[in-house]
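Here the structure comes first, spelled out in structure tokens, and everything after it is commentary.
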Amino acid sequence: MMLRTRLLVYVCAWNVTLAYRRGGKFHLIGQFNADEAGRRSFTAAISEFSGAPVSVMVDGVDEDYRLESLPHVSGSARREMLDRRLRQVSRNALFSAAWPQSRATGERRDDRYLFIILSKYDSVSPWLDLLQQHGVILAELTVLPAISHALLHRLKLDAPHLLLVSEQSVGLRLSYFQHGELRFSRLTVPEIVADGHAPDIADEIAKTDLYLNSQRLLPRDTPLNVHLLDPYTIYADVCRQVSAENRHLLCQPITASTLARHLRVSEDLLRSSPDATHLALLGRHRAAVNLAPATYTQGYDQLRLRHNLYGVAAGVVLAAGIASAVLFAQESNFELERLTTQSRIQQQASLYRAVQQALPNTPTSPKNLQRAVDTARALYAAPTPIADFNVVSRALEVLPEIGVLRLHWLDHDAADTLAASTATPAAVAMRALYFDGEVTPFNDDYQAAIARINAFVERLRSDPAVVSASIVSLPINTDPNTTLDEASNDGKPLSARFKLKLLLRAKS
């Protein structure tokens, strides 16, 4: 809550103006003189803002602006260089800072910095002490010109040479901007202000123009756009006078309606105090440069860290809540799907029972029927000798000289034959048929007998039902190490008997 409320303080030599911003709205509290009564009233006004951050804007004559070009470096080297140069320029002033500007256009492309030094801070120290005593946390301390550049962006004023003039509680503030970057600022506190007379604005603008020309900040006869803040709508004649006396000065007032529209505050609020415009601007924008040292803003850094940790913790809790909600929704969906599936299963079971009840009574149990079906399938798949006889008969019709002596089947031999045959598919079911036969008539002609046997084997191999046909034995020993007499007569009667092994496809 405290980070959403920001206290805004304008400090000058004679008084302070107090305001705050909360919930996106700007509120002006009042103005307090720099005396004992004013400090007591200021203390009472800030008592309700304990723990809130405060932005302090100082507007005084003890401000020094110095533009310098430094080598382009980065990282720790840049910080060390800036700290060293800032100590030299400010002579170790308590409130000082380096404001980075654009880079130079020369060959080295040096970085340009505007060093801002608050040489005397007697006017601001008592108010800072009061803020610290009442627990208000200093977020930033800046000077009025360091927040004026934000007004140029708000109003979209982008002239190359621009002089912004505003009448404040302490006097007349004139800030010169070159291409949107602050180059020079001065505060005039005329003696006649104490007598209730307004400063001579036209004369001060002319003096500032002469100073800019003498310092070569503004080339002679170069057009200078002068924008005069005019919340009370009283400076139109002043602008006409300035433009008439100096042709290169293009003066234009900025009315309360324009300021109110761009700052999103009421015109009456802007007219309530000369400092309301810059305070409202400070409430919407962080200052371009913070002159307060780290020891002064340490409490604000801790406050931001604490709130960031709270934000991270809240984000974690929110993410956990979202994840829990998603998981709970998924669990609900899964439970609904489970119940739906269970209901469908029960419906199917009910339908199955209804179909079972509608079936006619069977003389035996379903298990016995299953066994009968399995037995029938096994019988249908069993080898049929008639089919194998037909295979052998088809081959014998072509070669009637072959006689059948014996046929017998062995199913377990089929696996060995299948493993030895690379041309046979491994998934083919088969059985082995052994064929014992002889060649008749023989006439002691072994060569003719073997030729008939080979022709018989080839005929068998051509049959689609035969997977393979191989010769197990011949009527003569074909071993090349035996003699003709040993090969043809082993003490047995002469004959042309042989033995074949057939692999037959099983019936599908």
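Just so it is clear, none of the values below were taken in a lab; they were calculated from the coordinates. Note that the coordinates shown come from a computational prediction; the quantities given were computed from them, not determined experimentally. A quick note on method: Cβ atoms are made from the backbone with ideal geometry, for glycine too, and the neighbour counts reach across all protein chains shown.
How about the chain: what cysteines have no other cysteine beta carbon under 4.7 Å from their own?
Within the chain, the cysteines lacking a partner Cβ under 4.7 Å are Cys12.
For Gln88 and Thr233, what is the calculated FRET efficiency with R₀ set at 60 Å and r taken between the beta-carbons, to the nearest 0.05?
0.80
Within 10 Å, Cβ to Cβ, of Ser169, how many net charges do the neighbouring residues add up to if Lys/Arg are +1 and Asp/Glu are -1?
-3
Could you tell me what percent of the DSSP beta bridges with both partners in the chain are antiparallel, to the nearest 5?
75 percent
Taking the Cβ-Cβ separation of Asp129 and Glu36 as r and a Förster radius of 22 Å, what is the calculated FRET efficiency to the nearest 0.05?
Computed FRET efficiency for Asp129 and Glu36: 0.95.
Along the principal axes of its C-alpha atoms, what lengths does region 41-115 span, in descending order and rounded to whole Å?
Rounded to whole Å, the extents work out to 57, 28, 23 Å.
Provide the gained length on full extension for the span Gln215 to Lys120, in nm with one decimal, where the gain is 0.36 nm per separating residue minus the Cα-Cα distance.
31.7 nm
On full extension of the chain, what length is gained from Lys367 through Ala455, given 0.36 nm per residue of separation minus the C-alpha to C-alpha distance?
Full extension of this stretch gives 26.5 nm more.
In what sequence do Asp275, Asp221 fall when counting other Cβ within 10 Å, fewest first?
In order of increasing Cβ crowding within 10 Å: Asp221, Asp275.
I need Leu504, Leu474, Leu410 ordered by Cβ neighbour count within 10 Å, fewest first.
Arranged by neighbour count, lowest to highest, Leu504, Leu474, Leu410 become Leu410, Leu474, Leu504.
Points 7 angstrom from Cα along the Cβ direction at Leu309 and Val355: gap in nanometres?
Result: 6.9 nm between the two label points.
Between Asp110 and Arg22, how many nm apart are label points set 7 Å from Cα along the C-beta direction?
According to this spin-label approximation, the distance is 5.0 nm.
If R₀ is 41 angstrom, what is the calculated FRET efficiency for the pair Arg240 and Glu68, using the beta carbon separation as r and rounding to 0.05?
So, using R0 = 41 Å, E works out to roughly 0.60.
Could you state the angle between the C-alpha long axis of helix 385-398 and the longest principal axis of the C-alpha atoms of the chain, as a value from 0 to 90 degrees rounded to the nearest 10?
70 degrees
In nm, to one decimal, how far is the modelled label at Phe442 from the one at Arg261, with both set 7 Å along Cα→Cβ?
About 13.2 nm, to one decimal.
Computed over the Cα atoms of the chain, what is the convex hull's projected area averaged over all directions, in nm²?
The directionally averaged projection comes out at 60.0 nm².
Report the extension gain between Ser343 and Ala329 in nm, rounded to one decimal, defined as 0.36 nm multiplied by the number of residues separating them, less their alpha carbon distance.
Full-extension gain reported as 2.9 nm.
Mean separation of Cα pairs under 8 Å and 6+ residues apart, divided by the residue count of the chain: what relative contact order is that in percent?
Once divided by the residue count of the chain, the mean separation gives 11 percent.
Separation of region 132-166 and region 213-271 by C-alpha centroid, Å?
Cα centres, region 132-166 to region 213-271: 17 Å.
Give me the net charge for the shell around His307: Cβ to Cβ below 14 angstrom, other residues only, Lys and Arg +1, Asp and Glu -1.
Net of charged neighbours comes to +3.
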